[in-house]
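Handing you this structure, nothing more for now.
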Amino acid sequence: MLRNHLCLTLVVAMPLSAYAGGPLPDIGGAWTTPLALQEAAGASAYVRERLVFGDDTNTISIEVFTDAEGKMPLFTYSSSGPYKVGNASSIVSEAFLLDAQNETSSVTIYQDAPQIWQTLNLGACDLKVGTAVEISDCVAGPPFNAARCTELDLVSIQGNELRLGSRNTDRCKDRPSSLGETVYTRAISP
């Protein structure tokens, strides 16, 4: 799963006393972020993230648009694999551990923009407009490092809001020690 900006392994945060001897929190279903302006390397785009947790597989999708209305898509990144919610975190209060594996990583482009793909370290990938392309063997660096590892992360659910661990660590090696700022809300349908 996309780690540097998009990677996930989870820990759920609610009062730990609510889980003592009880079931783990329900992270199943779809969670999304609002479409928001993001800037990096002198460029800007509108980005929306979507997480879908099934019975044993999770999918992360990152949609990137050139307009604030989300009508002009640039590309979509998608990653999926199995996940498992573990014990309560001993570092982050009211959180559970979740380990996620990245079995697939693909990019679908909607515009022919070779300079953008080069900047995103996708220049070696055989990208075709409108076609999902597996990038695990052609990506050359961040932000889409398609590492084949079990990602270590945190997840916190409070009401209809989910937060993951901060994005300032290599989740293939270390679990984040704090929650990130990004807030996902439970979607009506997966």
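Measure off 7 Å from each Cα along the Cα-to-Cβ vector at Arg148 and Asn87, then give the distance between these two points in nanometres to one decimal.
3.0 nm
Round to the nearest 10 and report in Å² the accessible area of Val183, as given by a 1.4 Å probe over the protein chains' heavy atoms.
Val183 exposes around 50 Å² with every protein chain in place.
Tell me whether region 58-102 comes out rounded, prolate or oblate; compute the Cα gyration tensor, take square roots of the eigenvalues as a ≥ b ≥ c, and use a/c under 1.5 as the rounded threshold.
Working: a/c = 5.45, a/b = 2.25, b/c = 2.42.
It comes out oblate by the Cα gyration axes.
Still on this structure, I have one more. Quick one: length gained pulling Gln111 to Gln158 fully straight, 0.36 nm per residue minus the C-alpha distance?
Contour length minus the Cα-Cα distance gives 13.1 nm.
For region 120-164, what is Rg from Cα atoms divided by 2.2 N^0.38 Å, rounded to two decimals? Each step should come with its number before you reach the end.
On the way: Rg = 15.2 Å, N = 45, 2.2 N^0.38 = 9.3 Å.
Taking the Cα Rg and dividing by 2.2 N^0.38 Å, one obtains 1.63.
With all protein chains present, how much of the accessible area of region 68-190 (probe radius 1.4 Å) comes from carbon and sulfur, to the nearest whole percent? Present the calculation step by step, with values, prior to reporting the outcome.
Values: 3160 of 6490 Å².
Using a 1.4 Å probe with all protein chains present, region 68-190 comes out at 49 percent carbon and sulfur.
Taking 0.36 nm per residue of sequence separation and subtracting the Cα-Cα distance, how much length would be gained by fully extending the chain between Glu39 and Asp26, in nm to one decimal?
Numbers: separation 13, 0.36 × 13 = 4.68 nm, distance 3.29 nm.
Gain on extension, Glu39 to Asp26, equals 1.4 nm.
In percent, what relative contact order does region 70-154 have, based on Cα pairs under 8 Å that are 6 or more apart in sequence? Don't skip to the answer; put the middle values down first.
Values: 157 pairs, mean separation 25.5, N = 85.
Once divided by the residue count of region 70-154, the mean separation gives 30 percent.
About the Cα centre of region 36-136, how large is the charge dipole given +1 on each Lys and Arg Cβ and -1 on each Asp and Glu Cβ? Please answer in debye to the nearest 20.
Numbers: 5 positive and 13 negative charges, 22 e Å.
The calculated dipole for region 36-136 is roughly 100 debye.
For region 134-190 and region 49-116, what is the centre-to-centre distance using only Cα atoms, to the nearest Å?
For region 134-190 versus region 49-116, the Cα centre distance is 7 Å.
The values are calculated or read from the model by the stated rules, or taken from the named source; none is laboratory data. The structure displayed is predicted, hence computed values, not measured ones. For neighbour counting, all protein chains shown are included, and Cβ atoms are generated from backbone atoms with ideal geometry for every residue, glycine included. Just the protein is used for accessible areas: all its heavy atoms, side chains included, with ligands, DNA and RNA removed. Shrake-Rupley method; radii C 1.70, N 1.55, O 1.52, S 1.80 Å.
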